[in-house]
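Worksheet: one structure, shown below.
The values are calculated or read from the model by the stated rules, or taken from the named source; none is laboratory data. The structure presented is a predicted model; accordingly, all values stated were derived computationally and were not measured. Note: ideal-geometry Cβ built from the backbone for every residue, glycine included; neighbour counts use all protein chains shown.
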Amino acid sequence: MTIPFAFDIGTAMLLIAVGGWMMVAQGTMVAVIIFVVYGLLMAIAWVRLSAVDVALTEAAIGSGITGMLLLSAAARLRQTEVTSTLPSFPIRLLSGVLCAAITSGLAVVVLLPADVAPTLAPMAMANLPETGLGNPVAGVLFAFRALDTLLEKVVLLLALLGVWSLAPDRLWGGVPALDSYAPPNDILVFFAQVLPPFGIVFAIYMTWTGASNPGGAFQGGTVLAVMWLLVMMAGVVRAPPISCLRLRWLLVAGPVLFLMVGLAGFALAAGFLAYPAGYAKPLIVVVEIGLALSIGATLGLLAAGPPERNHQP
Amino acid sequence: MITILDTLTILAVSAGTLFFIAGTVGLLRFPDVLTRLHALTKVDNLGLGLVVLGLLPHASGLLGALKLVSVWLLALISGAIVTQLIARAIR
């Protein structure tokens, strides 16, 4: 047994153990914290599977931003948690049976694989040079399955609208109450002044390098979102009112740019979301930059939550 | 053939691992949050620092070495600040 093999087995066992621990954990807050740990372990597992793009996404979004969303949800639900009772026995039994059915279904798929696994990977790799990109994941996201990526960004905006719609009518257009998380805290302020320059450079690098290496708009945008959240939480920068017109343009800029490039494909190339020959890579990079900015703003506002007080100019 | 640099790597990484183990034991065994944080900072600072130091001779060129050192520096600053924030939150 080699050391990498032992490491992989250890990671897999640890993942199962942490997953089980998450289910039996007392209290939502504890379960969420374990979920974050689970996400980081999962990212290590993806690296071991050579899926660095997925690992970056898992660490940044699966564990980072989602963890923060779940933490604030858990904090909001804390009052209700004490009074809530266990669901009735039939419901628990039914959910247990359904979960077991899904698990055994997955087990069957894993244990009895098809002789030839259906895959489009060779085709994607063969056609990659035409896009001018070096990263096959970026090729799939922006050339072969561009429509999925476009719709994914629109779904993000819909999710943000869902969060905003939690605000009562009188606070519509107000400010998310992020800076009220903590009282003025000199250490947090220091952190919020030191880290963002590094974070922003890193986000730009990640977005830029996504065309030829692991990385891309989503990961870069997430880093941007986290830097923005940090400065808002520390009170270095004030959270914007959600009625701010510039903010709303920033939110839709990426998807609109992507859509415009896609529509231009009708006139200049083979059709919707097709790129004119030779210009695929520059167009994709431009779209990625726009998307990174929009994703950063969207994820930051998603985690900031619904507006909780009126805007005082 | 083991060179002097290899010996340095083995010694430093082993020492770093020792700090990781000691820090983990401290995290599990110490009685309250402040002492547990104290144990944890040793892992961040010395444990990771020694591992990075040990890996430096095997880094791919100056740029690779710089990357390793900046990983350590970022872990240092975020570790130190998060520890302070947690300690203040429980006070």
For this session: For A:ALA211, indicate whether it is small (Gly, Ala, Ser), closer than 22 Å to A:LYS153 by Cβ, in a helix (DSSP H, G or I) and away from chain B (no Cβ under 12 Å).
Result: no
Problem set entry | Residue check, A:LEU263 under 21 Å from the mean Cα position of the chain (by Cα), outside the structural domain of A:VAL47 (by TED's automatic domain parsing) and assigned to a helix (DSSP H, G or I) | no
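Can you spot a residue in segment B:19-26 that is surrounded by fewer than 15 Cβ atoms within 10 Å (Cβ to Cβ), more than 14 Å from chain A (Cβ to nearest Cβ), more than 30 Å from A:ALA234 (Cβ to Cβ) and at pLDDT 90 or above? So that I can check it myself, show each step before the final result.
First, pick out the residues of segment B:19-26 that are surrounded by fewer than 15 Cβ atoms within 10 Å (Cβ to Cβ): B:21, B:24-25.
Add one more test, that the residue is more than 14 Å from chain A (Cβ to nearest Cβ), and what stays is B:21, B:25.
Within this subset, residues satisfying the condition of being more than 30 Å from A:ALA234 (Cβ to Cβ) are B:21, B:25.
Add one more test, that the residue is at pLDDT 90 or above, and what stays is B:21, B:25.
Among the residues of segment B:19-26, at least one is surrounded by fewer than 15 Cβ atoms within 10 Å (Cβ to Cβ), more than 14 Å from chain A (Cβ to nearest Cβ), more than 30 Å from A:ALA234 (Cβ to Cβ) and at pLDDT 90 or above, which makes the answer yes.
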For this session: Please state which of the following conditions A:SER88 fails to meet, knowing it meets all the rest: (1) assigned by TED's automatic domain parsing to the domain that holds A:THR207; (2) exposed (fewer than 10 other Cβ atoms within 10 Å of the Cβ).
Result: (1)
For this session: Kindly provide the set of residues from segment B:34-53 that are within 13 Å of B:LEU18 (Cα to Cα) and among the β-branched types (Val, Ile, Thr), ordered by number.
Result: B:VAL43, B:VAL51
Exercise. Touching a residue at least 12 places away in the same chain (Cβ under 8 Å) and within 14 Å of another protein chain (Cβ to nearest Cβ) - does that describe any residue in segment B:1-15?
Worked result: yes
For this session: Within segment A:141-161, identify whether any single residue is in a loop (DSSP other than H, G, I, E, B), more than 23 Å from A:ARG76 (Cα to Cα) and modelled with pLDDT under 90, and answer yes or no.
Result: yes
Exercise. In segment B:33-84, how many residues are surrounded by 14 or more Cβ atoms within 10 Å (Cβ to Cβ), within 14 Å of another protein chain (Cβ to nearest Cβ) and more than 16 Å from the chain's Cα centre (by Cα)?
Worked result: 1
Seminar exercise, completed: For segment B:56-75, the count of residues that are modelled with pLDDT of 90 or more and touching a helix residue (DSSP H, G or I) at 6+ places or on another chain (Cβ under 6 Å) equals 5
